[in-house]
1. So, in segment 84-111, of the ones that are touching a residue at least 60 places away in the same chain (Cβ under 8 Å) and in contact with a helix residue (DSSP H, G or I) (Cβ under 9 Å, 6 or more places away or on another chain), which residue ends up farthest from residue 146 (Cα to Cα)?
2. Within segment 99-111, is there a residue that is in contact with a strand residue (DSSP E or B) (Cβ under 7 Å, 6 or more places away or on another chain), part of a helix (DSSP H, G or I) and surrounded by 15 or more Cβ atoms within 10 Å (Cβ to Cβ)?
3. Please name all residue pairs, on different chains or six or more residues apart, with Cβ atoms under 6 Å, provided the first residue is in segment 38-63 and is within 22 Å of residue 166 (Cα to Cα) and the second residue is modelled with pLDDT of 90 or more and part of a loop (DSSP other than H, G, I, E, B).
4. Being touching a helix residue (DSSP H, G or I) at 6+ places or on another chain (Cβ under 9 Å), within 15 Å of residue 53 (Cβ to Cβ) and assigned to a helix (DSSP H, G or I) is the filter here; which residues of segment 24-42 pass it?
5. What is the number of the single condition among (1) closer than 15 Å to residue 160 by Cα; (2) buried (at least 17 other Cβ atoms within 10 Å of the Cβ) that residue 124 does not meet?
6. Could you tell me whether residue 168 is in a helix (DSSP H, G or I) and within 20 Å of residue 63 (Cβ to Cβ)?
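The values are calculated or read from the model by the stated rules, or taken from the named source; none is laboratory data. Computed from a prediction, not measured in an experiment: that's the story for all the values here. All Cβ positions, even for glycine, are placed from backbone atoms using ideal geometry, and neighbour counts span all protein chains on display.
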């Protein structure tokens, strides 16, 4: 399907690996000019990155706020307040900062995606830690099977891929989704509905 992204200009945060890198590759393959950047949290960093991107691209047509950090598999009470604050700054506040700069004086659509379990290097690391904790062994195919059947069941019977998320982002950034605005699109294989 032609998504009509040739010539569009995209800034993707948190794109040095994982989902962000995959999204950047999909948008570039669709013909968009892409500027990638890692995680930033301070106002001056965000402004500097945004200005460099707009100087390079001319303007921004597509902003993907992908920057985010997680934490090792630990319990709620094992995290220190400064760890929660750091996550909030990176995962939420940096997105607000970039979005405010990108939206200034524009009339664009804004959507969110909510991915479920997606096979990224970080997710694999967390799953391997759980497998050790649960005594599931080291065979990766068996570990994935147990994750899908015991921890994160979903109607598709598989985990998401980086390409799944990249394709959704490309579609939502395309003119074909021009009337979709204010949506939060789940991409989780239906796992969230299987918990209800």
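1. 102
2. The answer is yes; a qualifying residue exists.
3. The qualifying pairs are 61/8; 62/8.
4. 24, 27
5. Here residue 124 meets the rest and fails (2).
6. It is true that residue 168 is in a helix (DSSP H, G or I) and within 20 Å of residue 63 (Cβ to Cβ).
Residue-by-condition table, conditions (1) modelled with pLDDT of 90 or more; (2) buried (at least 20 other Cβ atoms within 10 Å of the Cβ); (3) closer than 16 Å to residue 169 by Cβ:
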position: 26; (1), (2), (3): yes, yes, yes
position: 40; (1), (2), (3): no, yes, no
position: 48; (1), (2), (3): yes, no, no
position: 56; (1), (2), (3): yes, no, no
position: 79; (1), (2), (3): no, no, no
